[in-house]
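A quick write-up on the structure given underneath.
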Amino acid sequence: MTTLRLGLIGLGNIGRHHATYLLDGKVPRCELRAVAAPSTAKTAPYASRGVATFSNGLELIGSGTVDSVLIATPHPSHVELGIAALNAGLHVMVEKPLAAHKTDAERLLEVARLHPELCLAGMFQLRMEPRYARIRSLLEGGELGRLQRVTWINTDWFRTEAYYSSGGWRATWQGEGGGVLLNQCLHNLDVLCWLLGTPTKVRGFVHLGRWHDIEVEDEATAFLEFGNGATGVFVGSTGESPGTNRLELAGTRGRLVLENQRLTFIRNESDANEWSRTTPTGFTPPPVWNCELPFENHPAPHAALMQNFTAAILDGVPLIAPGEAGLASVELANAIVYSGLTEQTIAMPLNGAAWEQMLSELIRNSNRKKVVRMGATADFAASFRR
Ligand SMILES: NC(=O)c1ccc[n+]([C@@H]2O[C@H](COP(=O)([O-])OP(=O)(O)OC[C@H]3O[C@@H](n4cnc5c(N)ncnc54)[C@H](O)[C@@H]3O)[C@@H](O)[C@H]2O)c1
């Protein structure tokens, strides 16, 4: 195969974004051959450009027109569509989150394991951002020494009531399986686990519908512990404005801070623990160097991740965000909410079946009547910032 034939399932906010750069030829060797959406008003503009159109994802998957699919539908359908595509012999890129909850994600991964010849990848485009790649390489290179603490405040995901009423599935237990953690902050949870691994202990505090008329969490704070003993605090909110996006990583060799488009590294001249053991003075910290680490934002991170997906299939290069790596973020999002609602500390791995059962009860007991109002997402591209 020299060119990948791609089918796009879902033509909502992100689906249309994917379609635009694909049709503009921003992903060489990947051709958008088919789209699926229930509304002909949405598919018609693509039909006029020679793209095959289908009224739902399963029809597209069975059509024989494509070698791969990009699934851009609401989260609960990711697994059904992903499994159908893998069983039809198609490579799959699935939008984040991998699934609405951990055990569902595991079902998809189980089927992927039966098809080692196929690629399953997740759309975790923050992994393409040079700032996070830089932090990752500093951590891997031991530049921070022993990691002591991570703090990530992610309260710049401001959303309005109009946003939440723009889709019947949004911010409902049934339609999403969670709130700010599973939708907006999922990108940050993915980066956190990509940088540091999955935490070993989680204690979450969540507020359901604190700032919006919704049933799921729109504010969350989690205390985390990692395998090496490092501690963490993660804060997410869609109700704060102006919000903060500050990632701080403190290690024995210094502190990295990413905030306001600046990555700074205050580097200890010597390991702080070693200094503490050997210095004769009582209060003096080790001398430091102040370093500024310049970076550019990636101009098209989604297209770049699709480029990697294409190259993985055509050339066998490794996936940057393989499907199995997508489990960590959905598990952590679920664990924080489960911990918050049960007021327990969770020793990871999360008991996915217990959360699935609680989620089913939340769905069963939901009595919200959602009023859907279209047209609130014209400024959607402004959501790709962090
Ligand atoms: N990676 C990112 O930057 C990013 C950004 C936004 C959304 N997302 C993810 O993408 C997914 C979709 O989000 P959105 O904001 O585009 O939602 P949306 O509601 O705007 O669009 C979803 C679309 O999927 C369609 N759809 C549902 N089931 C379908 C099926 N079986 N076949 C074909 N079409 C179907 C719906 O008609 C709708 O038009 C979510 O899982 C979300 O988390 C990712």
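Quick note: the coordinates plus some simple rules give every number you see, no bench work behind them. Here the structure is a predicted model, which means the values were calculated and not measured. For neighbour counting, all protein chains shown are included, and Cβ atoms are generated from backbone atoms with ideal geometry for every residue, glycine included.
Taking a straight Cα-Cα cut-off under 27 Å and skipping sequence neighbours fewer than 8 places away in the same chain, the lysines within cross-link reach of residue 369 are 42, 96, 102.
Between residue 179 and 217, the built amide H atoms are under 5 Å apart, and every one of these is 5 or more places off in sequence or on another chain. Highest-first packing order for the peptide set 305-317, 184-196 is 184-196, 305-317, based on the mean count of other beta carbon atoms within 10 Å. With 26 Å as the cut-off, how large is the P(r) tail for the chain, expressed as percent of Cα-Cα pairs? Roughly 54 percent, once rounded to a whole number.
Once backbone amide H atoms are built at 1.01 Å from N, residue 210 has 218, 219 as its partners under 5 Å, excluding neighbours fewer than 5 places away on the same chain. Residue by residue, the range 174-183 carries 3J(HN,Hα) couplings of 5, x, 9, x, x, x, 4, 6, 7, 9 Hz when phi is fed to the Karplus relation 6.51 cos²θ - 1.76 cosθ + 1.60 (θ = phi - 60°); x denotes Gly or Pro.
For the range 1-77, what class follows from the C-alpha gyration tensor (a ≥ b ≥ c being the square roots of its eigenvalues): rounded when a/c is under 1.5, otherwise prolate if a/b is larger than b/c, else oblate? Taking the square roots of the gyration eigenvalues as a ≥ b ≥ c, the range 1-77 is rounded.
Of the GluC sites (Glu not before Pro) in the range 36-135, which ones lie in a loop per DSSP and count no more than 14 other C-beta atoms within 10 Å?
117
Taking amide H atoms as placed 1.01 Å from N in the peptide plane, list the residues 5 or more away in sequence, or in a different chain, whose amide H sits under 5 Å from that of residue 291. Hits under the 5 Å cutoff: 265, 266, 267.
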